[in-house]
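Taking it in order: structure first as structure tokens, then the write-up.
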Amino acid sequence: MLKDQYPYYLANKPVQANTDLEVTDKYQGGVATRVALADAQVLDQAIAAAEGATAGMAALKPYQRREVLEHCVTRFRERFDELAESLCVEAGKPIKDAEGEVTRLIETFRVAAAETERDIGSVVPLANAARAANYEGMYKRVPIGPCAFISPFNFPLNLAAHKVAPAIAAGCPFVLKPASRTPVGALIIGETLAETDLPEGAFSILPMTRKAADALVEDDRLKLLSFTGSDTVGWALKARAGKKKVVMELGGNAACIIDETWDDLDDAVARLIIGAFYQSGQSCIGVQRVLVHSSRYEEVRDRFVDAAQQLKAGDPRDRETFIGPMISEGEAQRLHGWIQEAEATGGRILCGGQRDGAMLQATLMENVAEDQKLVTEEAFGPAAVLSSFDDFDEALEVVNNSRFGLQAGVFTRDLYRMQRAWDRLDVGGVIIGDVPSWRTDQMPYGGVKDSGLGREGLRFAIDDMSEIRLLAIRTP
């Protein structure tokens, strides 16, 4: 169960300054707990503390960074049920999905611990001309300095972990702003980090309003901004970020292709169900557009609809629940409106389409016009659109006809089509034989176009949080 109240963490220490932020139970309604809310003055103190911790964090030896991360792994395992319960309550996440996220939290810190021992330098051959005949070079990676992190509501634990764990592995102090709707998971991470011997000021975790967080984006004492959230907010933040490096994961409207060579349709539909509807579709790589070869279309459609209609919706604490509430009634109203707009312009609802408060039924549609928001924008909920194709290369173009480009899934057994998809799809990652929603926490993950800049994945995030320092030696 959640505690009655949670502090924020300022310079490694818990501060119960107030209980101004109410965190609601997303399924049952009502206040589940209260959290301390930071203001702009507290943020300024946190940034100053991070700046003051820069040298101490950089001086940590790899084994010391590893020990901090391994402590987190141990404590997260011990608190597994508590962490999963917090996700059920604050995010409305079905318990099985919640347990899966806690597992990924543990894996993220475990892999980050291993990355502390990676070779982070190299010899650079400089004698490529007579004038450099007596020179040798090498480089190493050094921490970039204090980092600013902003994490979203849909993966309150693991998307925070994708920022926090690499920062510790790289030796960077940080200030994290978790989503106001789901701050508890990040604060439990803070509680765990506070048990370690990190230098004073190494971390602050501050729930706060967007207005109070302006310095997190604009203050030049912070050397990197890592943001996960909507593209509208992300690009606006980048424009204000000044000289700091910016890494953004901004979502998408992921597509999945099933061609005529994929004969295991039971497998494909089972994966589509997960991709489209796990955690109520609130994933930036959730399956939103499904393109099926015309020879397979009707069979895939009918199986997909039948499977979707069998999904149990309701209390996320029930282990049989697959569809829980969306993060708020307002978000459910938005997506329900998109479904109604698509239907009004000729789209056909195959299943679902009804809403009760924050609960939106698993919805599948066909014949949706290509200019509808359900096709062009990020649905971020339990809704997907089906269409057919005859030519594989034309299907690739349909996938590319989007301002987003995060990941795409392709079910094909044709090796040459796999290669063409990899070559031609304008996305950050192509997943063969599975839905675009699949990922592991060490792989290079991120998008192009309006889906963002840079890559998550432990090694790649650590590299973003580092700078290259060259040493050139002249031998007389």
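Numbers for the structure displayed
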{"item": "Within the range 230-252, tally of residues that are in a helix (DSSP H, G or I) and more than 20 Å from the chain's Cα centre (by Cα)", "result": "2"}
{"item": "Given (1) open to solvent by 40 Å² or more (accessible area, probe 1.4 Å); (2) more than 25 Å from the chain's Cα centre (by Cα); (3) not hydrophobic (A, V, I, L, M, F, W, C), number of the condition residue 56 does not satisfy", "result": "(1)"}
{"item": "The range 115-138, subset in contact (Cβ under 8 Å) with a residue 24 or more places away in the chain and assigned to a strand (DSSP E or B), residue nearest to residue 49 (Cα to Cα)", "result": "138"}
{"item": "Residue 137 at positive phi and either under 18 Å from the mean Cα position of the chain (by Cα) or at pLDDT 95 or above (or both)", "result": "no"}
{"item": "Residue in the range 187-206 that is touching a residue at least 12 places away in the same chain (Cβ under 8 Å), open to solvent by 10 Å² or more (accessible area, probe 1.4 Å), in a helix (DSSP H, G or I) and aliphatic (A, V, I, L, M) present", "result": "no"}
{"item": "Some residue of the range 253-276 being surrounded by 16 or more Cβ atoms within 10 Å (Cβ to Cβ), at pLDDT 95 or above, part of a strand (DSSP E or B) and charged (D, E, K, R)", "result": "no"}
{"item": "Qualifying positions in the range 359-407 - in contact with a strand residue (DSSP E or B) (Cβ under 7 Å, 6 or more places away or on another chain), small (Gly, Ala, Ser) and open to solvent by 10 Å² or more (accessible area, probe 1.4 Å)", "result": "362, 387, 388"}
{"item": "Conditions (1) of a type in the set (D, E, K, R); (2) open to solvent by 10 Å² or more (accessible area, probe 1.4 Å); (3) in a helix (DSSP H, G or I); (4) within 23 Å of residue 247 (Cβ to Cβ); number of the one not met by residue 141", "result": "(3)"}
{"item": "Subset of the range 416-474 (residues that are of a type outside the set (A, V, I, L, M, F, W, C), farther than 22 Å from residue 105 by Cα and in a loop (DSSP other than H, G, I, E, B))", "result": "426, 428, 433, 434, 450, 451"}
{"item": "Residue that is among the hydroxyl-bearing types (Ser, Thr, Tyr) and over 19 Å from residue 286 (Cα atoms), where the choices are 445, 416", "result": "416"}
{"item": "Some residue of the range 279-290 being assigned to a helix (DSSP H, G or I), touching a Gly at 6+ places or on another chain (Cβ under 8 Å) and either hydroxyl-bearing (Ser, Thr, Tyr) or free of Cβ contacts under 8 Å to residues at least 24 places away in the same chain (or both)", "result": "yes"}
{"item": "Residue check, residue 414 surrounded by fewer than 16 Cβ atoms within 10 Å (Cβ to Cβ), more than 21 Å from residue 272 (Cα to Cα) and either modelled with pLDDT of 95 or more or among the polar types (S, T, N, Q) (or both)", "result": "no"}
{"item": "Pair list, Cβ < 7 Å and 6+ apart or interchain, from the range 42-61 residues that are outside any helix (DSSP H, G or I) to residues that are loosely packed, with under 15 Cβ neighbours inside 10 Å and modelled with pLDDT of 95 or more", "result": "53/200"}
{"item": "Filter result for the condition that a residue is of a type in the set (A, V, I, L, M, F, W, C), farther than 19 Å from residue 470 by Cα and either in contact with a Ser or Thr (Cβ under 7 Å, 6 or more places away or on another chain) or surrounded by fewer than 23 Cβ atoms within 10 Å (Cβ to Cβ) (or both), over 132, 114, 170", "result": "114"}
{"item": "Members of the range 430-476 that are of a type in the set (Val, Ile, Thr) and surrounded by fewer than 23 Cβ atoms within 10 Å (Cβ to Cβ)", "result": "430, 431, 432, 440, 448, 468, 473, 475"}
{"item": "Complete set of residues in the range 287-345 that are open to solvent by 30 Å² or more (accessible area, probe 1.4 Å) and of a type in the set (Phe, Trp, Tyr)", "result": "322, 338"}
{"item": "Evaluation of residue 156 against (1) open to solvent by 50 Å² or more (accessible area, probe 1.4 Å); (2) outside any helix (DSSP H, G or I); (3) within 30 Å of residue 85 (Cα to Cα); (4) not hydrophobic (A, V, I, L, M, F, W, C) (one fails), failing number", "result": "(1)"}
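Conditions tested, residue by residue: (1) in a helix (DSSP H, G or I); (2) under 22 Å from the mean Cα position of the chain (by Cα).
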position: 334; (1), (2): yes, yes
position: 340; (1), (2): yes, no
position: 368; (1), (2): no, no
position: 388; (1), (2): no, no
position: 393; (1), (2): yes, no
position: 399; (1), (2): yes, yes
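The values are calculated or read from the model by the stated rules, or taken from the named source; none is laboratory data. Keep in mind the model is a prediction, meaning the values are calculated, not measured. Neighbour counts run over all protein chains shown; Cβ positions are idealised from the backbone, glycine included. Accessible surface areas use protein heavy atoms only, side chains included; no ligands, DNA or RNA. Shrake-Rupley method; radii C 1.70, N 1.55, O 1.52, S 1.80 Å.
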